[in-house]
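My questions all concern the structure below.
The values are calculated or read from the model by the stated rules, or taken from the named source; none is laboratory data. In this text the structure is predicted, and so the values were computed from the model without any measurement. Every residue, glycine as well, gets a Cβ built from its backbone with ideal geometry; the counts of neighbours run over all protein chains shown. Each accessible area value is taken on the protein alone, full model and side chains, heavy atoms only, with ligands, DNA and RNA left out. Shrake-Rupley method; radii C 1.70, N 1.55, O 1.52, S 1.80 Å.
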Amino acid sequence: MVANLKLWRLLMPKPKIAFYWCASCGGCEETVVDLAEDILGVVEKVDIVLWPVAMDFKYKDIEAMPDKSIVATLLNGAIRSTEQEEMAHLLRRKSQYLIAYGACAQLGGIPGLANQFPLEQIFQFNYEGGPTMANAQKTRPQVTTDDQGRTPTLPAMHHVVRSLDQVVEVDYYVPGCPPTPRVTRTALTALLENRLPPKGSVIAPDIALCDECPRKATKPANIAFTEFKRPHQALMDPNLCFLAQGVVCLGPATRSGCNAACTVGGMPCTGCFGPTSRVRDQGLKILSSICSNIAPKEEGEIEKVIEGIPDPVGTFYRYGLAKSLLRRKATLPSK
Amino acid sequence: MTNQTKPSASGETWTPRIVAFFCNWCTYTAADLAGVSRMKHAANARVIRLMCSGRVDPQFIVEALAKGADGVLIGGCHPNDCHYVEGNYKCLRRYQMLKRMIADMGIEPERLRLEWISAAEGEKVKRVINEMTETLTQLGPLGLPQKFDEWDREMEHFAEHVAAREAATGSACPEHGGKPQTLETAHA
Ligand code: SF4
Ligand code: FES
């Protein structure tokens, strides 16, 4: 039997895995590398067919593969450009499982905050107005240019930043900004051992972060905020629940699985693991929870306290704007 | 209901749609009273009864807007009168922050309204609904579902662009014709 298994292993081709990046910062790639020697274990068991950050492959190689011949693609980053959109479609077609890896692919992430600004303003700042910009000709990237008879093309930018599942069907989500090595290992092991949860699952515990936060014991049953402080505005007690110190912590509305890395490290949770399965809109849920615990009962007094959160969209939707119920600023153009 | 028509291009048949979350113990009873005493108010509000204004999850409000409501009205018991003691205060605090947040999202904060209406104030239900209908008529349709559709069309535009380019260069691949753009078709 054991001999048979060994023989089977030898004869069976290794499962093909792809890693790809879209609108992201590179942090997700770092996490894969952070698996340290574990990555070697993974590399031994799989055949990596695409990993632009670390290895040289051509898109053509992927195009040439039969459909569904990649067992799993772990795609990080939001979808902002036409090229990213194409790659999402291509990898969807070539993969049995498409996994949204990290907060940007899952929720839109930090790049999703660009949904609050018109594309024109973003171009204007980045190619003309930005303080470090020296671009007297105001040159901007063009989708097509004429270059002595040739017309090279560049990807176009969409007006809307999207999560992966707003573009193609997604099988699983690995949360985090970036995902921790632990959740990455869990996902890869589940995949390689074929012990996958139901389709559509987020591969992290379905319970709020407070559950694994070492500050939980000091989380007050009744909170009454008289003001909101931001972490740099006061000396923080290293053991006391942030809410008890008047600091907005997204722990109660955020999925656990990160080993409370931020609250252990002295910073409140900003929500990168996204909501639990019972919450549709993470930002609205934490808004609800935090605001109902404001102390005053009178309008003017309440207003003074909520002014302590100067940017509610950036605070409550730091990672989740693109997937929120409203998705983006309603008044922005689509063309 | 006569006003379920979607906003037409000409805007002629459009009248505002209001989703109203009313607390069982006061505003809902008041709305009932208004109905029983045959007070006439604009028929634009769809009333949803909840046990307390403190049960109005901001997700309900925003979902209503996202699904096509032009405004959301919340009715609760007067301060100190909440059946569950604190529910209306919780509602007020969330409401104030939510108003700021939807303003940041480009939605006029006047599309949200919170009113304390006791069981005896049938007249106030009528006045508030009429006023809000008036305000929303001035503001015009919010039309979020149409916006979402419009935003998502930008991906189709690109597919068309690729198809047009292929047609021009004659490199169209029969297998992928008409499908969403792919690397093969775009970089062919
Ligand atoms: S510090 Fe944040 S995550 Fe930890 S118990 Fe308090 S609210 Fe929850
Ligand atoms: S019971 Fe009416 S507002 Fe709470």
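Take the alpha carbon atoms of the range A:70-101, find their center, do the same for the range A:273-289, and report the distance between the two centers in whole angstrom.
26
Which three extents, in angstrom, do the Cα atoms of the range B:50-95 have along their principal axes, listed largest first?
That works out to 33, 17, 13 Å along the principal axes.
For chain A, what is the accessible area per residue in Å² when the probe is 1.4 Å?
Solvent-accessible surface per residue comes out at 48 Å².
Same structure again: Return the lysines within reach of A:K68: Cα separation strictly under 17 angstrom, same-chain partners fewer than 8 residues apart disregarded; answer none if there are no such residues.
A:K14, A:K16, A:K60, A:K94, A:K199
Shape verdict for the range A:251-320, please, from the Cα gyration tensor: rounded (a/c under 1.5), prolate (a/b greater than b/c) or oblate.
Because a/c hits 1.5 or more and a/b exceeds b/c, the range A:251-320 counts as prolate.
Kirkwood Rh over alpha-carbon pairs of the protein assembly as shown, then Stokes-Einstein at 37 °C and 0.692 mPa s: what D in µm² s⁻¹, rounded to an integer?
127
I've got another one for you. Grab the eigenvalues of the alpha-carbon gyration tensor for the range B:6-141, scale each by 5, take roots, and send me the semi-axes largest first in whole angstrom.
Ellipsoid semi-axes (Å, largest first): 24, 19, 11.
Within the range A:177-297, what whole-number % of the accessible surface is contributed by carbon and sulfur, with the 1.4 Å probe and all protein chains included in the calculation?
55
Here's a follow-up. Which order do the peptides A:324-331, A:131-138, A:42-49, A:262-269 take when ranked by the mean count of other beta-carbon atoms within 10 Å per residue, highest first?
The most tightly packed comes first, giving A:324-331, A:262-269, A:42-49, A:131-138.
Moving on. Select from the range A:198-276 those trypsin sites (Lys or Arg not before Pro) which occupy a DSSP coil region and have at most 11 other Cβ atoms within 10 Å, ordered by residue number.
Of the trypsin sites (Lys or Arg not before Pro), the ones in loops of the range A:198-276 whose Cβ has at most 11 other Cβ atoms within 10 Å are A:K199.
According to a simple spin-label model (label point 7 Å from Cα along Cα-to-Cβ), what is the distance in nm between A:D211 and A:E44?
My value for the distance between the label points is 3.3 nm.
Next question. With an 8 Å Cα cut-off and a minimum separation of 6 or more residues, compute the relative contact order for the range A:230-293 in percent.
RCO, the range A:230-293: 30 percent.
Determine the total buried accessible area between chain B and chain A, counting protein heavy atoms only with a 1.4 Å probe; round to the nearest 100 Å².
The contact between A and B buries close to 4500 Å².
Next up: If you take every DSSP beta bridge whose two residues both sit in chain A, what share of them, in percent to the nearest 5, is antiparallel?
Of all bridge pairs located within chain A, approximately 25 percent are antiparallel.
What FRET efficiency comes out for B:E156 versus A:K68 if R0 is 30 angstrom and r is the Cβ-Cβ distance? Round to the nearest 0.05.
0.75
Here's another thing I want to ask about it. Restricting attention to chain A, give the cysteines that have no other cysteine Cβ less than 4.7 angstrom from their Cβ.
For chain A, the answer is A:C22, A:C25, A:C28, A:C104, A:C210, A:C213, A:C241, A:C249, A:C258, A:C262, A:C269, A:C291, because their Cβ atoms have no other cysteine Cβ under 4.7 Å.
While we're on this one: Short version: what are the Cα gyration tensor semi-axes of the range A:31-124, square root of 5 times each eigenvalue, largest first, in whole Å?
Taking √(5λ) for each Cα gyration eigenvalue gives 27, 18, 12 Å.
Now a separate question. Would you kindly calculate the mean projected area, averaged across all directions, of the convex hull enclosing the Cα atoms of the range A:176-335, in square nanometres?
11.9
Sticking with this structure for a sec: So if each residue of separation counts as 0.36 nm, and I subtract the Cα-Cα distance between B:A43 and B:D149, what length gain in nm does that give?
Gain in length upon complete extension: 35.4 nm.
Next up: Calculate the FRET efficiency for A:E227 and B:N80 from the Cβ-Cβ distance with a Förster distance of 25 Å, rounded to the nearest 0.05.
0.50
Can you give me the % of accessible surface on the range B:6-141 that is carbon or sulfur? Probe 1.4 Å, all protein chains present, nothing else counted.
53
For A:K229, enumerate residues with amide H under 5 Å from its amide H, sequence gap 5+ or separate chain, H modeled in the peptide plane.
For A:K229, the qualifying residues are A:V247, A:V248.
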